Amino acid sequence: MNISTIATTPFAGQKAGTSGLRKKVTVFQQAHYLENFVQSIFNVLSTTEKQVLVLGGDGRYYNRIAIQVILKMAAANGFKKVLVGQQGILSTPAVSAVIRKYRTNGGIILSASHNPAGKTGDFGIKFNNASGSPAAEKTTEAIYQQTQVISEYYTLSAEDIDLNSLGEYTCGEMVVEVIDSVVDYAELMAEVFDFPAIGKLVQSPDFRFCFDAMHAVTGTYARRILVKQLGAAENSVINAVPLEDFAGGHPDPNLVHAKELVAKMYADNPLDFGAASDGDGDRNMIMGAQCFVTPSDSLAILADHAALIPAYKTGLAGIARSMPTSCAADKVAEKLGIPSYETPTGWKFFGNLLDADKATLCGEESFGTGSNHVREKDGLWAVLYWLNILAVRQLPVQEIVNQHWAKYGRHYYSRHDYEGVNSEQAQALMQHVIGQFDSLSQQSFGAYTISQCDEFSYTDPVDNSVSTHQGIRLLCEDGSRIILRLSGTGTDGATIRVYLERYEVDSTQHQQPTQEALADLITAIAQIAKIQHYTGCDVPTVIT
Ligand code: G16
């Protein structure tokens with residue numbers, strides 16, 4: 001084999017955030033930048049872990065170029081085989097599914113999730129382990145350490161692989177198998193859900209729905225599964241062609257960015273069900289006619305309906321949610337008599353709980369829900385789960401949500417994001433709040449009295465690893481919460497996230513507009529954190 005050893009020097013800041021390394025495309029285009037990070041991943045793997053790899057991405061600009069680079073480096077690093085999605089496409093949950101099905105040693109996912117794409121957009125890279133889970137902190141830290149001392153990487157002089165045609169190719173002594181991007185994932189979905197029931201629903205002229213793929217990776221999956229396999233009308237999937245720049249959009253499935261879908265759902269003659277997914281297919285947004293289901297409520301409702309779903313009808317082992325996610329799912333876990341877990345933000349923290357069969361369903365306020373079927377959050381899975389529930393219950397989405405609140409109480413919930421804030425100012429805001437911990441305790445703000453302030457710290461119940469500084473918590477006597485975190489996924493300055501939650505048992509009080517219901521908490525945190533002073537913003541950039 002024609003292996004070359006290339007001399008290189010470290011780049012500062014090749015540190016994974018909440019989910020892998022995300023930077024501007026132009027940063028990745030610097031000579032050796034991508035190669036240094038990939039070699040650092042390979043350097044932390046043992047020889048037995050360098051056998052079979054899965055490789056794919058969300059199809060954004062630079063995906064195809066990066067795949068050719070990684071294939072040659074994998075061959076030069078001694079891998080025996082790489083499974084690559086056709087045209088370089090594999091959604092994040094599909095990578096996890098393929099890793100698990102073929103028992104590979106892990107996978108590399110090329111995506112910056114919902115961040116805008118294109119030549120001036122973002123790119124990202126992430127390593128998932130042999131169970132299909134995003135690498136744990138100890139691995140990402142070891143990769144980072146490698147990036148800081150790297151002096152050479154290995155590659156191969158070889159022709160590019162034809163990613164368009166399925167089949168086996170060779171790259172040096174390594175086999176490259178170009179696999180269908182959808183088939184393994186679609187088979188798994190058919191095992192988890194009641195496809196005949198969902199098919200009947202989506203084919204019914206009385207049921208009108210829309211799935212917005214936002215010109216990102218799930219277009220490929222939704223057309224195959226919802227339209228071809230389940231028989232939904234072709235036009236029920238919109239923005240279905242994945243584009244390298246996501247058509248200039250911001251494929252973040254929320255009320256702000258999924259404008260086209262939101263307009264259909266709040267129209268005078270709204271559809272019955274609406275859903276959207278993000279750049280790499282792991283997020284989801286769920287809507288009904290003139291209603292939006294918060295991701296936190298969605299997790300709780302999915303858990304409450306587990307008995308209706310073939311894969312979960314024998315019961316859930318437990319439910320896990322990230323700390324800033326509302327406590328709605330905890331109420332369901334309590335009712336079901338199963339444990340609930342509160343983890344830091346980041347899907348990687350669910351991996352151990354799923355592997356140890358401590359949790360079956362997991363969810364995050366950031367539009368992520370998933371289960372033990374893979375080790376990533378899964379957008380289309382959540383959509384199919386909702387369709388399965390609707391097929392059985394034959395009720396409008398809003399009615400299902402209302403019934404849930406009546407049964408468990410409503411967790412009013414909202415996240416306020418302040419984007420593009422100067423990083424030092426953002427840090428100063430956090431320190432300003434931390435500095436008040438002693439004086440805030442027992443202070444009242446309107447109807448709320450703060451009973452506890454801390455920075456969230458998590459001890460993994462499986463491997464006892466400890467993760468500290470995982471967000472500021474201001475906990476109130478009545479169970480209301482204000483959480484503050486700095487995002488770990490942005491590439492422009494800092495994003496401050498403020499999470500607000502208030503629990504209301506009285507069902508006569510369940511129909512207030514969310515921002516009104518949370519008004520006192522919003523005023524309190526504006527004052528405590530001096531948000532306007534540190535961010536220069538009078539209002540949040542995005543409210544979800
Ligand atoms: C990633 C992580 C999620 C996390 C989200 C937001 O999602 O996988 O676990 O909740 O980022 O993180 P942050 O608040 O730090 O920006 P994705 O869909 O971007 O990969």
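Return a yes/no flag: does the stretch 380-397 have any residue that is without any contact (Cβ under 8 Å) to a residue 40 or more places away in the chain and within 26 Å of Ser277 (Cβ to Cβ).
The answer is yes; a qualifying residue exists.
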Q. Before we move on, is Phe37 buried (at least 24 other Cβ atoms within 10 Å of the Cβ), within 16 Å of the ligand (Cβ to nearest atom) and aromatic (Phe, Trp, Tyr)?
A. no
Q. Give me the pairs: first residue in the stretch 491-509 and farther than 25 Å from Thr26 by Cβ and modelled with pLDDT of 95 or more, second residue part of a helix (DSSP H, G or I) and of a type in the set (A, V, I, L, M), beta-carbon distance under 6 Å, and six or more apart or on different chains, which are they?
A. Ile496/Ala426; Val498/Ile525; Leu500/Leu521
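I'd like to check which helices (runs of 4 or more DSSP H) are fully inside the stretch 316-400 and have at least 2 residues that are outside the structural domain of Asp58 (by TED's automatic domain parsing) and over 27 Å from Ala136 (Cβ atoms).
Counting at least 2 such residues, we get 328-336, 379-393.
Quick grid of which residues meet (1) of a type in the set (Gly, Ala, Ser); (2) within 16 Å of the ligand (Cβ to nearest atom):
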site: Lys15; (1), (2): no, yes
site: Ser19; (1), (2): yes, yes
site: Ser46; (1), (2): yes, no
site: Ala66; (1), (2): yes, no
site: Gln86; (1), (2): no, no
site: Leu90; (1), (2): no, yes
site: Ala94; (1), (2): yes, yes
Q: Please enumerate the residues belonging to the stretch 327-369 that are within 14 Å of the ligand (Cβ to nearest atom) and within 23 Å of Gln403 (Cα to Cα).
A: Cys362, Gly363, Glu364, Glu365, Phe367, Gly368, Thr369
Q: Would you mind listing the strands (runs of 3 or more DSSP E) fully within the stretch 1-99 where at least 3 residues are basic (Lys, Arg)?
A: 21-24
Q) Restricting attention to the stretch 127-139, and to residues there that are touching a helix residue (DSSP H, G or I) at 6+ places or on another chain (Cβ under 8 Å) and outside any loop (DSSP other than H, G, I, E, B), which single residue is farthest from the ligand (Cβ to nearest atom)? A) Thr139
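If I go through the stretch 12-34 residue by residue, how many of them are farther than 21 Å from Ala136 by Cβ and not β-branched (Val, Ile, Thr)?
10
Return the residues of the stretch 403-412 that are out of contact with any strand residue (DSSP E or B) (no Cβ under 9 Å at 6 or more places or on another chain) and of a type outside the set (A, V, I, L, M); say none if nothing qualifies.
Step one: list which residues in the stretch 403-412 are out of contact with any strand residue (DSSP E or B) (no Cβ under 9 Å at 6 or more places or on another chain), which gives 403, 406-408.
Matches in the stretch 403-412: Gln403, Lys407, Tyr408.
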(Q) Let me spell it out: the conditions are (1) within 19 Å of the chain's Cα centre (by Cα); (2) more than 14 Å from the ligand (Cβ to nearest atom); (3) not aromatic (Phe, Trp, Tyr), and Gly118 meets all of them except one. Which number is the exception? (A) (1)
Q: Go through the stretch 503-529 and give me each residue that's within 24 Å of the chain's Cα centre (by Cα) and farther than 27 Å from Ser113 by Cβ.
A: none
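Can you pull out the residues in the stretch 305-315 that are among the hydrophobic types (A, V, I, L, M, F, W, C) and part of a loop (DSSP other than H, G, I, E, B)? Write out each step before concluding.
Residues of the stretch 305-315 that are among the hydrophobic types (A, V, I, L, M, F, W, C), as a first pass: 306-309, 311.
Residue satisfying the conditions is Ile309 alone.
The values are calculated or read from the model by the stated rules, or taken from the named source; none is laboratory data. Please read these numbers as outputs of a predicted model, since none were measured by experiment. In this analysis, Cβ positions are derived from the backbone assuming ideal geometry, glycine residues included, and neighbour counts consider all displayed protein chains.
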